[in-house]
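Trainee: Dumping the structure here so I can ask a few things about it.
The values are calculated or read from the model by the stated rules, or taken from the named source; none is laboratory data. Because the structure is predicted, anything quoted here is derived from the model rather than measured. Note that each Cβ is placed from the backbone with ideal geometry, even for glycine, and that neighbours are counted across all protein chains shown.
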Amino acid sequence: MGARENFVRVASASEVPPGEMKAVRVDGVDVLLCNVDGEVYAVHDECTHECFPLSEGTLDGHAVVCMLHGARFDVRNGEVLALPAYGPVATYAVETNGEDILVAVE
């Protein structure tokens with residue numbers, strides 16, 4: 001089985017316009033799609049500080065901000081940008097195929 005089979009269609013491009021986010025579930029994993037200037041990124045939809053859904057927060061440029069305590073993560077690589085988060089958030093591979101957004105969580 002090749003890597004291509006691990007990608008799952010999760011949304012269409014029109015569902016995640018630039019500057020917006022969309023929560024999806026991929027193979028049992030909560031994933032947050034974030035469109036930054038037309039590029040879609042995928043991160044685990046859970047703050048590493050309090051296990052709170054990042055989808056409840058906001059997207060500020062390339063940072064997703066957790067609404068619970070203000071932790072910030074770079075959606076491009078998952079790195080912590082602001083406390084109180086203590087560790088990075090997982091990131092996932094994203095591909096586009098026409099209007100389809102595909103994510104691989106493996």
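Trainee: Looking at (1) closer than 18 Å to VAL105 by Cβ; (2) surrounded by 14 or more Cβ atoms within 10 Å (Cβ to Cβ), which one does HIS62 not meet, given that it meets all the others?
Mentor: Here HIS62 meets the rest and fails (1).
Trainee: Considering each residue of segment 64-94, count those that are within 27 Å of ASN6 (Cβ to Cβ) and under 13 Å from the mean Cα position of the chain (by Cα), and give that number.
Mentor: Of the residues in that region, 15 qualify.
Trainee: Considering each residue of segment 71-92, count those that are touching a strand residue (DSSP E or B) at 6+ places or on another chain (Cβ under 8 Å) and exposed (fewer than 14 other Cβ atoms within 10 Å of the Cβ), and give that number.
Mentor: Qualifying residue count for the region: 4.
Trainee: Suppose the filter is touching a Leu at 6+ places or on another chain (Cβ under 8 Å) and of a type in the set (S, T, N, Q); does THR48 pass it?
Mentor: Judged against the criteria, THR48 is not a match.
Trainee: Taking segment 9-27 as the search range and keeping residues that are at pLDDT 95 or above and not in a strand (DSSP E or B), which one is farthest from the chain's Cα centre (by Cα)?
Mentor: Within segment 9-27, the match that is farthest from the chain's Cα centre (by Cα) is SER14.
Trainee: Hey, can you tell me all the residues within segment 53-106 that are among the hydroxyl-bearing types (Ser, Thr, Tyr) and in contact (Cβ under 8 Å) with a residue 40 or more places away in the chain?
Mentor: THR91, TYR92, THR96, listed by residue number.
Trainee: Hey, another quick one. Suppose we keep only residues that are in a strand (DSSP E or B) and hydroxyl-bearing (Ser, Thr, Tyr) within segment 28-59. Which one would you say is farthest from GLU106 (Cα to Cα)?
Mentor: THR58
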